[in-house]
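To start, the structure under review is shown below, and the notes come after it.
The values are calculated or read from the model by the stated rules, or taken from the named source; none is laboratory data. Remember, it's a predicted structure, so these values are computed and weren't measured experimentally. So basically every Cβ, Gly included, is an ideal-geometry build from the backbone, and we count neighbours across all protein chains shown. Note: areas computed on protein heavy atoms with side chains; ligands, DNA, RNA excluded. Shrake-Rupley method; radii C 1.70, N 1.55, O 1.52, S 1.80 Å.
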Amino acid sequence: MELLIAVLIMSAFSILAYQRVSGSIWLLSTAALLIIISLSGIFSTLLLSLVWVVVVFSCSLLGIPGLRQHYISHPLLEKFRKVLPPMSTTEREALEAGTVWWDGELFSGQPNWNKLMAEPVPTLTQEERDFVDGPVDQLCSMLDDWKITNEYHDLPPEVWKFIGEHRFFGMIIPKEYGGLEFSALAHSTIVMKIASRSITAAVTIMVPNSLGPAKLLLHDGTQAQKDYYLPRLAEGKEIPCFALTGPDAGSDAGAMPDRGIVCYEEHKGEKVLGVRINWEKRYITLGPIATVIGLAFKLFDPDHLLSEEEERGITVALIPTDTPGISIGQRHVPLNIPFQNGPNYGKDVFVPMDWIIGGQKGIGEGWRMLMDSLAEGRSISLPALATGAGKAACRYTGAYARVRRQFNMPIGYFEGVEEALARIAALTYQMDAARTITLGALDQGEMPSVVSAIIKYHLTERYRKVINDAMDIQGGSGICLGPNNLLGRAYQAIPISITVEGANILTRSMIIFGQGAIRCHPYALKEFMAAQASHNENALKEFDAAIFGHVSFLLSNLTRSFFLGLTQGRFSSSPTNGVNKRYYQHLNWMSASFALCADIAMMTLGGALKRKERLSARLGDILSELYIASAVLKHYENQGCQEDDLPLLQWALDDGLYRIQESIRSLLRNLPSHPLAWLLRRLIFPTGLPYVEPDDKKGHAAARILLRPSQARDRLTADIYTNNNPAMAVGRHELALAMAEKVAPIEKTLNQARRDGLITGKTIYELAANAQEKGMIKEEEAALLEEMKTLRSQVIQVDAFDHFGAIENR
């Protein structure tokens, strides 16, 4: 009987924890259980009285706010303040930037899938679609990336003119200022399509629409600044650049040495209040040709002309490049991708106060402005460029693998090549899913700062993997640069995307979880803010509510992790009963396990977790894979649950779940407390490790999508530049793949005839000639094979030059 009562109590409390009931329900349930125990008569009167005393005392201490705050929360708050790591102003502003969206649900350990499924399907307006299919397509047809790179070392004048006339620099600028006022989805789609044709052109167009003066003006500029600059930026009359990075300050903006001193100087014949600035910046895209610089600097007021405060913080100003003291025009050469990029310098440059973005109200607001803009902009440009490269690899390398033959069969049919093709296809599916779902959130008004870091890092890393696989398949045709090489420049540009808008190593090891742990956790930020606040009653009340909510949250995720581990997610919620139901349930399990691991790491390591970057990186990897897997499921739903896409979906999700599992294993292996790590392993994976890498069958099905024309292939590679023009390499690939599919039945007939001993020959063309002599194939069929031979020869052709100097234009 005692054992039954014990099991009843444990089960009841586990259910309460699993369901995350309120404190009042806990107290009522405890009272009910105690009454049941009392009525059962299994305990002696003395023992029962002792139990009542302990329970009533505990419930009073925990249930009466005044007692709980005085005896529990206040001592905890004081201890928390002592161990709390110091937080700089820039760190605080980074934490507070943007919004929390689906990442918060994943951090909860109990994601509400109906919330994600209710998000609208991201869709271009008719105006946006017409622009993508019209001016963008026309621009792509004008771009000769070989000449841009090796002859012009820049975009040609007619392309610059076209970009200005069609307001490509004004995609984010409202129509009232002469801009296009496109959605984030349209912005991304345009960059992605252009990137599939020319990285140089894509970078040139994406930067003014990303982290640049236009975005800063829209959010924080004065009306006068907007009225003057936004129409000129939209029309391309002003070429903007944004100068943040310097020799001594990249990711560490707090170390920025560029200084501005508040002073009075003469400007246009009048004595005005302004700032005298000295700076040295580098890696500034569009810098060499810019007409206006968005400059970040530290502002000081030693003469107290503004206030008694001397250090005024990071500030941003818009400065015309013809202002005296500015040196501009030198160029960097970023891996031979010749978009305009270079250093600029300022020596005693005087800037009137009304050039500061936001005027005097914008003083000291620079880092907050940048973080808010980055929270949005980082979700668009580089993910678009990465996804465009992935789609190009799917389209072009898939066609090449079908057309290129060795040992009398397409190289794409070899299992080794097929393995790489599967990765190319499924990783690109992951990229496009994460890209479009995030863009949908942006267009609904979200600015998900943690999600933006996730997709910047993981999509550019997948870009690296996809292009490396594509280069392995292309072989010599991939490494020999020239007009026929469709992937060489994308390969060269990989480190650029890895480096800019937050270096990937730093993003993974310090930002994704470092920011996400505080920003997305339902209680951690509240605890931090209460601890940072003044020592008053309100701070104690806020901390009390947060810390006890946190305890309930921890117990819930501990219970959920164990129960979902025992059942491998079964019986948990799913928004569908279809083929994907089990994937949703597996992600429920992994979400609870992640939340548990995150809490244990933060509680046991405290402020030291900030310095344990590899542990932080692994936690960030788990959160990231949860997000990408969620996006894949939503993307599949958005596209109408197409059965032909199942191989991509299943490979992508199997890959994601395996990565999550291995990240958890790696995290637990490296926790300082080995007994705790052992216990967590048994709680999270009580029945063993369930996930393995995608199997060969799914890889085979995913790879075959790239090897033949189909709607699945078109969906996967939608909105990159293609045509059927035989004068262009992209057109020849399309024509050759279509022809390969057309002649496949003929080749099958010939190979079977050879196996039956009816014809002889070493190549498919010798077999065809022999078969035609014997009347086994028609003349038209033989003509198709000859046409295929010509197309194949064109596709596998590599460029050669009279001498190397001609290539470099030396």
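Can you name every residue in segment 394-413 that is closer than 13 Å to ALA701 by Cα and open to solvent by 10 Å² or more (accessible area, probe 1.4 Å)?
TYR413
If VAL316 satisfies every condition in (1) over 19 Å from VAL203 (Cβ atoms); (2) in contact (Cβ under 8 Å) with a residue 60 or more places away in the chain; (3) surrounded by fewer than 22 Cβ atoms within 10 Å (Cβ to Cβ) but one, which is the exception?
(3)
Based on this model, can you work out whether PRO483 counts as open to solvent by 40 Å² or more (accessible area, probe 1.4 Å), in contact (Cβ under 8 Å) with a residue 40 or more places away in the chain, part of a helix (DSSP H, G or I) and more than 15 Å from ALA392 (Cα to Cα)?
No: the conditions fail for PRO483.
Please work out if SER452 is closer than 17 Å to VAL500 by Cα, part of a loop (DSSP other than H, G, I, E, B) and open to solvent by less than 30 Å² (accessible area, probe 1.4 Å).
Answer is no for this residue.
From the list VAL132, VAL159, VAL191, VAL121, which residue is open to solvent by 50 Å² or more (accessible area, probe 1.4 Å) and of a type outside the set (Gly, Ala, Ser)?
VAL121
With the checklist (1) touching a helix residue (DSSP H, G or I) at 6+ places or on another chain (Cβ under 8 Å); (2) in contact (Cβ under 8 Å) with a residue 60 or more places away in the chain in hand, flag the one item GLN444 doesn't pass.
The failed condition is (1).
Would segment 98-110 turn up any residue that is in a helix (DSSP H, G or I), over 15 Å from ALA629 (Cα atoms) and modelled with pLDDT under 80?
Among the residues of segment 98-110, not one is in a helix (DSSP H, G or I), over 15 Å from ALA629 (Cα atoms) and modelled with pLDDT under 80, which makes the answer no.
Please work out if LEU791 is in a helix (DSSP H, G or I), over 19 Å from VAL730 (Cβ atoms), open to solvent by less than 80 Å² (accessible area, probe 1.4 Å) and modelled with pLDDT of 90 or more.
Working: in a helix (DSSP H, G or I): yes; over 19 Å from VAL730 (Cβ atoms): no; open to solvent by less than 80 Å² (accessible area, probe 1.4 Å): yes; modelled with pLDDT of 90 or more: yes.
The answer is no for LEU791.
Going by the conditions given, is THR760 under 30 Å from ASP654 (Cβ atoms), not in a helix (DSSP H, G or I) and not basic (Lys, Arg)?
No; evaluated as a whole, the condition is false for this residue.
Just name the residue that is nearest to LEU689 (Cα to Cα) out of those in segment 639-660 that are of a type outside the set (Ser, Thr, Tyr) and without any contact (Cβ under 8 Å) to a residue 40 or more places away in the chain.
Ranking the qualifying residues of segment 639-660, first place goes to ARG659.
Within segment 44-63, which residues are over 14 Å from LEU34 (Cβ atoms) and without any contact (Cβ under 8 Å) to a residue 12 or more places away in the chain?
SER44, THR45, LEU46, LEU61
Criterion first (open to solvent by 10 Å² or more (accessible area, probe 1.4 Å) and free of Cβ contacts under 8 Å to residues at least 60 places away in the same chain) does ALA608 satisfy it?
So ALA608 passes the test.
Looking only at segment 303-321, filter to residues that are of a type outside the set (A, V, I, L, M, F, W, C) and at pLDDT 95 or above; which one of those is nearest to ILE363 (Cα to Cα)? It would help to see each step written out before you state the result.
Quick first cut of segment 303-321, residues of a type outside the set (A, V, I, L, M, F, W, C) only: 303-304, 307-313, 315, 320-321.
Then keep just the ones that are at pLDDT 95 or above; that gives 320-321.
Values: PRO320: 19, THR321: 21 Å.
Here the residue is PRO320.
How many residues does segment 194-225 contain that are part of a loop (DSSP other than H, G, I, E, B) and open to solvent by 20 Å² or more (accessible area, probe 1.4 Å)?
Residues flagged as part of a loop (DSSP other than H, G, I, E, B) and open to solvent by 20 Å² or more (accessible area, probe 1.4 Å) within segment 194-225 amount to 4.
Is one or more of the residues making up segment 285-304 among the hydrophobic types (A, V, I, L, M, F, W, C), in a loop (DSSP other than H, G, I, E, B) and more than 20 Å from ARG368 (Cα to Cα)?
Within segment 285-304, one or more residues are among the hydrophobic types (A, V, I, L, M, F, W, C), in a loop (DSSP other than H, G, I, E, B) and more than 20 Å from ARG368 (Cα to Cα).
Of all residues in segment 677-723, which are over 21 Å from THR189 (Cα atoms) and in contact with a Ser or Thr (Cβ under 7 Å, 6 or more places away or on another chain)?
Within segment 677-723, LEU683, ILE684 meet the criteria.
Taking only segment 453-472 into account, find how many residues are within 16 Å of GLU625 (Cβ to Cβ) and among the aliphatic types (A, V, I, L, M).
Count: 4.
With PHE594, PHE563, PHE528, PHE553 as the choices, which residue is more than 28 Å from the chain's Cα centre (by Cα) and either crowded, with 20+ Cβ neighbours inside 10 Å or more than 30 Å from GLY502 (Cα to Cα) (or both)? So that I can check it myself, show each step before the final result.
Numbers: PHE594 fails: more than 28 Å from the chain's Cα centre (by Cα); PHE528 fails: more than 28 Å from the chain's Cα centre (by Cα); PHE553 fails: more than 28 Å from the chain's Cα centre (by Cα).
Unique residue meeting the criteria: PHE563.
How do the pairs read when you match residues in segment 169-186 that are without any contact (Cβ under 8 Å) to a residue 12 or more places away in the chain and of a type outside the set (Ser, Thr, Tyr) with residues anywhere that are crowded, with 23+ Cβ neighbours inside 10 Å and assigned to a loop (DSSP other than H, G, I, E, B), using Cβ under 7 Å and keeping only pairs 6 or more apart or on different chains?
Here the result reads GLU181/ILE173, each pair linking segment 169-186 to a residue that is crowded, with 23+ Cβ neighbours inside 10 Å and assigned to a loop (DSSP other than H, G, I, E, B).
Do you know which of the residues in segment 258-284 that are outside any strand (DSSP E or B) and free of Cβ contacts under 8 Å to residues at least 12 places away in the same chain is most open to solvent (accessible area, probe 1.4 Å)?
For segment 258-284, the residue satisfying everything is LYS268.
Which one of these does ALA490 not meet: (1) under 14 Å from the mean Cα position of the chain (by Cα); (2) in a helix (DSSP H, G or I)?
For ALA490, the exception is condition (1).
Suppose the filter is among the hydrophobic types (A, V, I, L, M, F, W, C), surrounded by fewer than 13 Cβ atoms within 10 Å (Cβ to Cβ) and either modelled with pLDDT under 95 or closer than 30 Å to PHE594 by Cα (or both); does VAL692 pass it?
yes
Out of all the residues in segment 45-73, which are among the small types (Gly, Ala, Ser) and surrounded by 13 or more Cβ atoms within 10 Å (Cβ to Cβ)?
Result: GLY63, SER73.
Restricting the search to segment 750-761, which residues are under 25 Å from LEU791 (Cα atoms) and either under 47 Å from the mean Cα position of the chain (by Cα) or of a type in the set (Gly, Ala, Ser) (or both)?
Scanning segment 750-761 gives ASN751, ALA753, GLY761.
If I ask for residues that are assigned to a helix (DSSP H, G or I), open to solvent by 10 Å² or more (accessible area, probe 1.4 Å) and of a type outside the set (Asp, Glu), which ones from segment 532-550 would you list? Write out each step before concluding.
Keep residues of segment 532-550 that are assigned to a helix (DSSP H, G or I), which gives 532, 537-550.
Filter again for open to solvent by 10 Å² or more (accessible area, probe 1.4 Å), leaving 532, 537-538, 540-542, 545, 547-550.
Those that are assigned to a helix (DSSP H, G or I), open to solvent by 10 Å² or more (accessible area, probe 1.4 Å) and of a type outside the set (Asp, Glu): GLN532, ASN538, LEU540, LYS541, ALA545, ILE547, PHE548, GLY549, HIS550.
Name the pairs whose Cβ atoms lie under 6 Å apart, with the first residue in segment 487-508 and touching a residue at least 12 places away in the same chain (Cβ under 8 Å), the second crowded, with 23+ Cβ neighbours inside 10 Å and of a type in the set (Ser, Thr, Tyr), and 6 or more positions between them or separate chains?
From residues that are touching a residue at least 12 places away in the same chain (Cβ under 8 Å), the pairs are SER497/THR460; ILE498/THR460; ASN504/TYR457; THR507/TYR457; ARG508/TYR457.
In segment 706-728, which residues are within 15 Å of ALA393 (Cβ to Cβ) and either surrounded by fewer than 20 Cβ atoms within 10 Å (Cβ to Cβ) or basic (Lys, Arg) (or both)?
Answer for segment 706-728, where residues must be within 15 Å of ALA393 (Cβ to Cβ) and either surrounded by fewer than 20 Cβ atoms within 10 Å (Cβ to Cβ) or basic (Lys, Arg) (or both): ARG713, ALA718.
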